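The values are calculated or read from the model by the stated rules, or taken from the named source; none is laboratory data. This is a predicted model, so every value here is computed, not measured. Every residue, glycine among them, receives a Cβ derived from its backbone with ideal geometry; neighbour counts consider all protein chains shown. The accessibility values were calculated without ligands, DNA or RNA, using every heavy atom of the protein model including side chains. Shrake-Rupley method; radii C 1.70, N 1.55, O 1.52, S 1.80 Å.
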Amino acid sequence: MRYKRMYFVILAYVLALMLAGLIFDDPSNILPGLWKIINTQDVLITDYVAIAGPGAAFVNSALVTLISAAILFLARCPLNGFTITEMGLMSGFALFGKNIVNIWPIILGTWIYARIQKEPFSKYTSVALLATALSPLVSYMGLGSLYAHPLGGILTGVFIGMVLPSLSAYTYKVQNGMNLYNMGFACGLLAMMLVPILTAVGDAPSSVLYWAEGYNLPFGVAITLMCLVFIVSGLFFSGHPAWATWAGYRRILTSTGRAPSDFLLTVGGGPVLINMGVNGLLATGYILLVGGDLNGPTLGGILTIIGFSAYGKHARNILPIMCGVLLGGIFMHYNVETPGLQLAALFGTTLAPFAGVFGWPVGVLAGFLHSAVVLQAGYVLAGVNLYNNGFSGGLIAIVLFPTVTAIFQHRKPDLTPRNLFEVFEADKPSPMERDLPPEERTPEGKPFPVIKEKQEEQKSDQE
C-alpha cells in the first residue's frame, strides 16, 4: 500500500462529483433520476444527463467511483498509476452506461473466477472493474429483452465476469501494447459472439441516441477548474520543488505511452497531476473548438483521458490522434460535430502509443483510420460494449502495428512479453528510474541495448 494517501484523494474526488450533482440540479430530482438510470437499458449512446438530469448523473458517477475504490481497498490491491486510470474510467462511464446496479453481476463473476482459480481476488480486481464495459448487456437482459428477467441479467453478468479475465490476458498480448483500452477489444470480441446469438433468436438489442445539449458553459467551467486544481497541486503541493516536478512532467512527454507505461511509478505524483490537468484542458478545448457538446458521454471521454494520464497518455501523443480524427471528420464524414466523431476524438486516444512510438505522422494516420473504423465497428455490437472505441482501436492496432513496423524496421520497438496481471500488481518504483541516469535510457525508460551489452561484458570480465 505504498500510495495509501491516494484513497483520500479519491474520496475528495467523489465528494466533488457529489457536490457537482447538487450544484447543477435541484436535489429533489436526484433520487427519481437515479431510479430512472437504474431502469434504463444503457446501450450506446445513453446520456444520463439527458434522461435523468445532471444531478442524478453526477451522483451516480460519484457512487460508482466510491464502490470501485471500496472494492480495491477491501481486496487490498496494490495502488499504482493504473488505479488512477480505473477511477477516471469508472467515473466517466458512470455518466453514460454504468450504474450502481448493473456493474455488480460482472464483478461477482470475476470474483467467482478468482475462487475457481484459487487465486486472490486482488489479482483480478482491475479486470472486474474494466469488464463492466458490458454492463448494458446486463441491463438489457434484465430489463429490455424479450425474455427479460432480473435473474437473466445477473447470470449474463456473471458469465461475462468469468470469461473476460482469460480473454483480456490473451488480447493484451496480440495488440503489442499499442491499444491502451485492451479491455475494450476483449469485450468487443465477446459481444461479437453474444449479440449475434441474441439476433438469431429474434432478441437483438438496438443502439439509441440520448444526447444532452446546452451545458457547455457550466460543465466547461467545472472541468476547467478541476484541471487547474490538478496542475497547481502538482506544481506546489506534491512535496517536491516546482522545478523538479516540471522536469518530471517533461520526462512524461518523452515517453511513448506504450502499455504498460505507469507514470506514477516512474516519475511520481506531482508530474502526473500536471499531466492530468493539461490533458483534461486539451480534451475540453477540442470539444469546444469543433462546436461539440459537453454532456455525459463527452465528459466521460474527458475523465477517461484524465485517468489515463497516469498510464500512457500525454499531450504529445494524444494531439496527433485528435488531429487525425478531425481530418477524418472533415474529408470522410464532412461533419466533425456528430456525436460519434466527438467521442472518437476523445476515446480514440487509446491509440496514442502509435504517435509515441512511430512519431506524429503515424499518430495522425491512426486517428484518421479510427474515425472511419469506429463508426462501423459498433454496428455488430448493437451498442452493448461501452468501450466501442477500444474495440476499434484493437482492430487498428493489430493491422497497423506490424505494417508500420515492416516499413520502418529501423524504428521497430523492443518487444518484451508481459503478463497482463503483473501490470496491475506493481506498486514499487521502476528500477530503471533509480539505477540509470537519463543519458542511459531510451524515451521509454529502458536501458539502451548497447549499455546492456557493456554491462554483460563487464560482468563476464569480472568473473
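The table below lists the values:
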{"item": "Top-ranked residue in the range 10-24 [being open to solvent by less than 80 Å² (accessible area, probe 1.4 Å) and farther than 29 Å from P205 by Cβ; ranked as farthest from the chain's Cα centre (by Cα)]", "result": "F24"}
{"item": "Candidate set from the range 32-59 (those that are polar (S, T, N, Q) and open to solvent by 30 Å² or more (accessible area, probe 1.4 Å)); member that is nearest to T132 (Cα to Cα)", "result": "Q41"}
{"item": "Lone unmet requirement of (1) open to solvent by 10 Å² or more (accessible area, probe 1.4 Å); (2) in a helix (DSSP H, G or I) for S91", "result": "(1)"}
{"item": "Selection from the range 97-146 of residues that are outside any helix (DSSP H, G or I) and open to solvent by 30 Å² or more (accessible area, probe 1.4 Å)", "result": "I100, V101, K118, E119, P120, L146"}
{"item": "Residue in the range 49-62 that is aromatic (F, W, Y) and closer than 26 Å to M6 by Cα present", "result": "yes"}
{"item": "Selection from the range 6-22 of residues that are modelled with pLDDT of 95 or more and β-branched (V, I, T)", "result": "V14"}
{"item": "Boolean, Y3 is open to solvent by less than 70 Å² (accessible area, probe 1.4 Å), in a helix (DSSP H, G or I), under 26 Å from K313 (Cβ atoms) and modelled with pLDDT under 95", "result": "no"}
{"item": "Selected residue (criterion: surrounded by the fewest Cβ atoms within 10 Å (Cβ to Cβ)) from residues of the range 352-386 that are small (G, A, S) and within 18 Å of R258 (Cα to Cα)", "result": "G359"}
{"item": "Test: residue in the range 131-154 that is under 16 Å from A69 (Cα atoms) and in contact (Cβ under 8 Å) with a residue 40 or more places away in the chain", "result": "yes"}
{"item": "Complete set of residues in the range 147-176 that are open to solvent by 10 Å² or more (accessible area, probe 1.4 Å) and either of a type in the set (S, T, Y) or within 30 Å of P402 (Cβ to Cβ) (or both)", "result": "Y147, T156, V163, S166, L167, A169, Y170, Y172, K173, V174, N176"}
{"item": "Residue tally, condition closer than 28 Å to V9 by Cβ and either of a type in the set (K, R) or part of a helix (DSSP H, G or I) (or both), over the range 39-62", "result": "12"}
{"item": "Subset of the range 232-265 [of a type in the set (V, I, T) and under 24 Å from P320 (Cβ atoms)]", "result": "I252, T254, T256"}
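For (1) crowded, with 24+ Cβ neighbours inside 10 Å; (2) more than 19 Å from the chain's Cα centre (by Cα), each residue gets a yes or a no:
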position: A283; (1), (2): yes, no
position: G291; (1), (2): no, yes
position: I306; (1), (2): yes, no
position: R316; (1), (2): no, no
position: C323; (1), (2): no, yes
position: L326; (1), (2): no, yes
position: T338; (1), (2): no, yes
position: L346; (1), (2): yes, no
position: T349; (1), (2): yes, no
